[in-house]
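Below you'll find the structure, written out as structure tokens, and then a few comments.
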Amino acid sequence: MVKTYLKTLGRMFKKHITRLLSILFIVLVSVGFVSGIGMAVDKINVSLNDYYAARNVSDFIVKSTANGFLCDEEYSDSPVARLKTRYGQNNVNVGFSADVFLQVNGEKQLVRLYFFDGETTVNVRQEIRSKNSETPFAAGAEEQDNYIKGLPLGSTVTLDFKGILLQLSEQSASQPNDEISAMPSMPCAVTVTKTERSPLTFGMDKEPSYLNGDIEIPDNIDAVNKLIGLDNILYLSYDVIPAQLQSYFPPNDLYIALSDRKLFDSFSDRYIRTIASESAEITKILGDDIKIVPLEKNYSFSALHSYAEKVANICWVLLSAFLLVTALVVLSTMTRLLEEERAQIACLRTLGYPAWRIILKYVLFAAIGLGIGGVGGYFVGIGIARLLYIVFHYSFAMPPMTPHVTLLFFIIIFSVIVAVTLAATALSGIRLTNEKPSELLRPKAPKSGKKVLLERIPFFWNLLPFKYKSTTRNVLRFKSRFLMTVVAVAFSTSLVMAGLALLDLCLFQGLNSPSITAISLVVVFFAGLLTAAVIYTLTNINISERNRELATLMVLGYFDREVSGYIYREVFLDTVIGLCVGLPCSLAILKIVYDIMAVGSIASMSWFMWLIAPSVVLLFTALVTLLLRRKIVKVDMNESLKAIE
């Protein structure tokens, strides 16, 4: 009996290999896409955490609004000394910064100047390249990106300290000091000996200037475009400033890092609460003549975190749609497979096999397809995550990518699909094994044709050629398959529209984000693949269910193209109806997408995107019909002789 059981198991896998591959492929597409987007978000967040710790990024920039900070280390009760006692000697740095206009390479540029006394232990910069130089006045220049123009090694910049002081007086809206106005120009030529990347300025789109005032992170593209951005950033030693002028450049910045580097966790709620309480403590120590800028208001960190959050929210929306369509189609596949195996189940019951062993065979079939598809989807997900992380480099000087992988999205979508499919397979198996073997041995008679609603409109119905009347009747005769196809195509259309909406934001509505562009293309491609998998699986079921009808048409002398057209017309009719349902349903998903992105609206979406979405769905449908043509024309005509009248 064991040998017979194993033979039937092997034959089932061989006979239904296309079904197995359909399950495998649709699970691979859904699990791979959803888990890939989720893994990309996790990689960004974990890499940001690692970068924050490795570069000892400041949690606070405290700017003096009065006369700078007293840094005399001899006074242990001085404010700066007390801060170092609270947060650690290496977690508090003092410096001076200002945004001023300078002549650089014959061009007027807005340059941020940072002056530090000695090596910095907070916001440790990454050295990109360096050049040995004998110059007494060296400078480090910020690495060039989309907005920062950068300075080549060996280039010189002349600092006119009198002009700088006059600009600072104007920025503070105070009258120029008579001494400053009377002093002669004191130019100092500094030579760029390093190209560096600050951990606070790794965003490559725009680094806002202090001249914008209190910078709140913009929530729309128009606000970003209106910001005043820096042209260059220079890192200098206090020694560059002439001794007689150093009193005019008192340390006006404190960079403070919390001791617990694990607290950050990508702006966790606990971190935000800690920042609020520590801000109050810093104010107690330093007084009220300060302005505290927490890390959450840093443009680069908050922008990257914001993009990651938006991608994660989009992923949750797409997860629901992919999950529903995948579970629906895989469930339909297994239910139909069990119906086709009625005779096998009857034979095994007659031979004395217990019901649980028979059901186990089909559960095992489903589990193998799901398992292989899930494992493949995991590796596809890793590939998508790596791809998206690389694409983010176009908008950010991304931190080194962590090898860490979080499986949250993978576990959610895969476990739900597995649970639903195996449970439904087992329940269908229980229902069939409870029937009498004599009933199971008799194939189910095909459904009889019935009048459809359109037949009650004679003016329209009489105009239709016979083949289209036949197609309409057949589509509506199998109501469950018709509804399943329409629902699946409708959701696939909505997913394509979601991807096109993101693409439209980037190409035609001013959202300059290569990372979001890449995500939108991935969404459109995988939504198209999902459509193809759905149409292929359901059409394959349709052909298997109607072998006798197709064989009868062949016996009656129908040509291959006519027999194929018999199925193709039904497929395209189902698809067009699915599109008609899916496009209005897309409005709900589009509303969610625009709310998540906080940019654009359904009304502002380019009109031709509503034409591209149906074209994508119809294209993938056409490709599937070509793949299935061979199966249609290879139907064995002898099957027509087995039909039960």
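The values are calculated or read from the model by the stated rules, or taken from the named source; none is laboratory data. Everything numeric in this text was worked out from a predicted model, so none of it was measured. Cβ atoms come from the backbone with ideal geometry, glycine included; neighbour counts cover every protein chain shown. What goes into the accessible areas is simple: the full protein's heavy atoms, side chains included, and nothing from ligands, DNA or RNA. Shrake-Rupley method; radii C 1.70, N 1.55, O 1.52, S 1.80 Å.
Just a few scattered comments:
- Within the option set 480, 492, 470, being buried (at least 18 other Cβ atoms within 10 Å of the Cβ) and of a type in the set (Ser, Thr, Tyr) holds for one residue only, 492.
- Residue within the range 360-369 that is among the basic types (Lys, Arg), exposed (fewer than 15 other Cβ atoms within 10 Å of the Cβ) and closer than 30 Å to residue 429 by Cβ present: no
- Only listed residue being open to solvent by 20 Å² or more (accessible area, probe 1.4 Å) and assigned to a helix (DSSP H, G or I), chosen from 500, 507: 507
- Meets criteria (under 25 Å from the mean Cα position of the chain (by Cα), open to solvent by less than 10 Å² (accessible area, probe 1.4 Å) and touching a residue at least 60 places away in the same chain (Cβ under 8 Å)) for residue 616: no
- For the range 103-144, the set of residues classified as open to solvent by less than 20 Å² (accessible area, probe 1.4 Å) and not aliphatic (A, V, I, L, M) consists of 109, 112, 115, 123, 140, 142, listed by residue number.
- Residue 597 crowded, with 16+ Cβ neighbours inside 10 Å, touching an Asp or Glu at 6+ places or on another chain (Cβ under 7 Å) and within 30 Å of residue 35 (Cα to Cα): no
- Residues considered: 292, 275. Of these, the only one that is open to solvent by less than 30 Å² (accessible area, probe 1.4 Å) and at pLDDT 90 or above is 275.
- Just one of the listed residues (58, 76) is among the small types (Gly, Ala, Ser), over 30 Å from residue 534 (Cβ atoms) and at pLDDT 90 or above, namely 58.
- Of the residues making up the range 342-359, those that are under 48 Å from the mean Cα position of the chain (by Cα) and surrounded by 14 or more Cβ atoms within 10 Å (Cβ to Cβ) number 6.
- Residues of the range 145-161 that turn out to be open to solvent by 40 Å² or more (accessible area, probe 1.4 Å) and either within 30 Å of residue 181 (Cα to Cα) or without any contact (Cβ under 8 Å) to a residue 24 or more places away in the chain (or both), as a count: 3
- Test: residue 592 is among the hydrophobic types (A, V, I, L, M, F, W, C), modelled with pLDDT under 85, surrounded by fewer than 19 Cβ atoms within 10 Å (Cβ to Cβ) and in a helix (DSSP H, G or I): no
- Within the range 464-483, not a single residue is at pLDDT 80 or above, in a helix (DSSP H, G or I) and hydroxyl-bearing (Ser, Thr, Tyr).
- Checked against (1) free of Cβ contacts under 8 Å to residues at least 12 places away in the same chain; (2) touching a helix residue (DSSP H, G or I) at 6+ places or on another chain (Cβ under 7 Å), residue 507 meets all criteria but (2).
- Selected residue (criterion: surrounded by the fewest Cβ atoms within 10 Å (Cβ to Cβ)) from residues of the range 383-438 that are assigned to a helix (DSSP H, G or I), in contact with a helix residue (DSSP H, G or I) (Cβ under 7 Å, 6 or more places away or on another chain) and among the hydroxyl-bearing types (Ser, Thr, Tyr): 394
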